[in-house]
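Quick notes on the structure that follows.
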Amino acid sequence: MCTNPGQENPMPAVLSRRRLLTGAKAVARRMLPRAAVHAVRDGWEDLRDWIAFIAFGLRFVATHSPRPKVLLYFGFAAGDDLLCTAVLRELRRRDRGGLLMVSDHRELFIGNSDPAYVRPLWARYYPDGSTVAICRLFVRIWGGEFTRLEYAPPNGADGRTPPSRHIIAVMCAKAGITGPVSIRPYLTLTEDERSSGAWASGRIVIQSGAMNARHPARNKQWYPERFQGVVNALCEEVEFIQLGSDDDPPLRHARDLRGATTMRESAAVLYHARLQVGLEGFLMHLARAVECPSVIVFGGRVAPHQIGYICNFNLYSAVPCAPCWRTNICDFDRQCMREISVADVVSAIRQMLDKPRSPLAVETVEIAPATLAR
């Protein structure tokens, strides 16, 4: 069912049918003209989407559950799905009910009463386009609304179109929201989860890279040796905890939890940590969701006002080409990152440590009806 995506696993019989189907497709490709093969393939994909749509709708009928009124979907990355919690919250504040979030990261929504349903992507077994097609079929037949949330569509092979305002405001506008919106995501921890992370109180969480992300971006990365320099400069004064992927470069003098925590366990650590030091990405959004302040090394790929949070210390290099929104290619040897020194980050950490650990400031953006499409 929609509220338990972890149980939806293919059965062995399904796998056998897939092998037969794969063999049949190979034979067809050899025997039929190319145009006929494309027609058969497109027809099969349409039929498959219709079957999935019918099965999806019948679940609500069979369980006597109210059908969702609003379907939201972003994509595959956990950070983007976490940002969707801001959209869900703003819709609920406007008394919109029956919200269904399509996400393969159900753990991000545990304890969150904003979505009525969370179900996994059909893209586990189907292409990404099928999830969009099935959602569109659902609202066409059963009624309701479907929004594919996005904030910076691709622009060329390595770039994205920069948003004109904060990405959360862009996503909210796409969902038809007007009026004031709060620029922050949300994650609810259980009492047991909060207790399990209490040992991290007073410590600093740090990461050394994020190239194991769903969509790795070289232009987001600072330098592991400089992160090490930050730890070396402060490890006599404060303890460090390293979170991230087990493929991230290890940092000496930090408690190594790379690859050892789930997303929710990382959130529990951040909930109690004094500060998070890292890069623009999932951990930055996760820290904000649980009220942990951060020092973020932005460089110049994106600007803090487009994707960051006003409560953080954001290190941004306003070089002439910034913000470029390019993923991996840089014509200037990443000057924006090179200009941020270890001393800059250490100074930012000291300034943040001088502030009390208290509820974080929240930016509010006003969305006027005339700006919805921007």
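How high is the FRET efficiency between His64 and Asp256 when r is their beta carbon distance and R₀ equals 30 Å, given to the nearest 0.05?
Numbers: r = 50 Å, r/R0 = 1.65.
Efficiency computed from Cβ-Cβ geometry: 0.05.
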Completion exercise
Given Cβ charges of +1 for Lys and Arg and -1 for Asp and Glu, the option among Ile241, Val132, Met337 whose Cα lies farthest towards the positive end of the dipole of the chain is Val132
Problem - Equivalent ellipsoid, the stretch 255-339 (semi-axes from 5 times Cα gyration tensor eigenvalues, Å) - result: 26, 14, 10
Handout entry: Fraction of accessible area attributable to carbon and sulfur, the chain (%, probe 1.4 Å)
Key = 54
Exercise for the section: Calculate the radius of gyration of the Cα atoms of the stretch 88-198 to one decimal place, then report Dmax, the largest Cα-Cα distance, as a whole number, both in Å. Expected result: 16.2, 49
Practice task
Return the long-range amide H neighbours of Phe146 (sequence gap of 5 or more, or a different chain), with a cut-off of under 5 Å between placed amide H atoms.
Solution key: Leu71
Handout entry: Degrees separating the helix 12-31 axis from the principal Cα axis of the chain, which is the longest one
Key = 70
Handout entry: Accessible area per residue, Å², the stretch 40-187 with all protein chains present, probe 1.4 Å
Key = 41
Completion exercise
Percent relative contact order for the chain, counting Cα pairs under 8 Å at least six residues apart, stands at 16
Handout entry: Amide H contacts under 5 Å for Gly299, placed H, 5+ residues apart
Key = Ser317
Handout entry: Ranked order, Asp114, Asp246 - accessible area, probe 1.4 Å, largest first
Key = Asp246, Asp114
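Whole number please: convex hull volume per residue, Cα atoms of the stretch 217-374, in Å³. The partial results should precede the final answer.
On the way: hull volume 21.3 nm³, N = 158.
Dividing the Cα hull volume of the stretch 217-374 by its residue count gives 135 Å³.
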Problem - Mean separation of Cα contacts under 8 Å (6+ apart) over length of the stretch 150-254, as relative contact order % - result: 22
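Per residue, what accessible area does the stretch 289-374 have, given a 1.4 Å probe and all protein chains present, in Å²?
Numbers: 4150 Å² over 86 residues.
Using a 1.4 Å probe on heavy atoms only, each residue of the stretch 289-374 averages 48 Å².
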Completion exercise
Given Cβ charges of +1 for Lys and Arg and -1 for Asp and Glu, the option among Pro224, Gly179, Val205 whose Cα lies farthest towards the positive end of the dipole of the stretch 137-271 is Gly179
Exercise for the section: Output the Kirkwood hydrodynamic radius of the stretch 50-97, Cα pairs only, in Å rounded to one decimal. Expected result: 12.8
Exercise for the section: Mind giving me the FRET efficiency for Thr190 and Ile329? R0 is 41 Å, r the Cβ-Cβ distance, nearest 0.05 is fine. Expected result: 0.40
Problem - Nearest-20 debye value, the chain charge dipole, Cβ charges on Lys, Arg, Asp, Glu - result: 1320
Problem - Beta bridges per DSSP with both ends in the chain, % antiparallel, nearest 5 - result: 20
Completion exercise
HN-Hα couplings for the stretch 74-89 via Karplus (6.51, -1.76, 1.60; θ = phi - 60°), in whole Hz with x for Gly/Pro, come out as 10, x, 9, 7, 5, x, 5, 5, 5, 4, 5, 5, 5, 5, 4, 5
Handout entry: Accessible surface ranking that places the most exposed of Thr190, Thr147, Thr364 first, with a 1.4 angstrom probe
Key = Thr364, Thr190, Thr147
Exercise for the section: Report ³J(HN,Hα) in whole Hz for each residue of the stretch 200-205, in order, from the Karplus equation J = 6.51 cos²θ - 1.76 cosθ + 1.60 where θ = phi - 60°; Gly and Pro get x. Expected result: 7, 4, x, 9, 9, 8
Practice task
Please give the helix 128-142 orientation as an angle from the longest Cα principal axis of the chain, in degrees from 0 to 90, rounded to the nearest 10.
Solution key: 60
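Based on the alpha-carbon gyration tensor of the stretch 46-133 and its eigenvalue square roots a ≥ b ≥ c, which shape applies: rounded if a/c is under 1.5, prolate if not and a/b is larger than b/c, or oblate? Don't jump to the answer; show the numbers that get you there.
Values: a/c = 2.07, a/b = 1.26, b/c = 1.64.
Here the stretch 46-133 falls in the oblate category.
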Handout entry: Value in Å of the Kirkwood radius, where the stretch 294-360 supplies the Cα pairs that are averaged
Key = 12.8
Problem - Kirkwood hydrodynamic radius of the stretch 172-212, from inverse mean 1/r over distinct Cα pairs, in Å - result: 14.5
Problem - Structure-derived Cα extents along the principal axes in Å: which label, when the choices are (1) 52, 46, 38; (2) 67, 49, 46; (3) 59, 56, 40 - result: (2)
Exercise for the section: Please list the non-local residues whose amide H lies under 5 Å from the amide H of Ile206, H modeled 1.01 Å from N, same-chain partners needing a gap of 5 or more. Expected result: Ile241, Gln242, Leu243, Val277
Exercise for the section: State the Cα centre-to-centre distance between the stretch 186-255 and the stretch 310-329 in whole Å. Expected result: 21
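The values are calculated or read from the model by the stated rules, or taken from the named source; none is laboratory data. No experiment lies behind these values; they were computed from the predicted model shown. Counting neighbours? That spans all protein chains shown, and the Cβs are built from the backbone with ideal geometry, glycine included. In case anyone asks, the SASA skips ligands and DNA or RNA and just uses the protein heavy atoms, side chains included. Shrake-Rupley method; radii C 1.70, N 1.55, O 1.52, S 1.80 Å.
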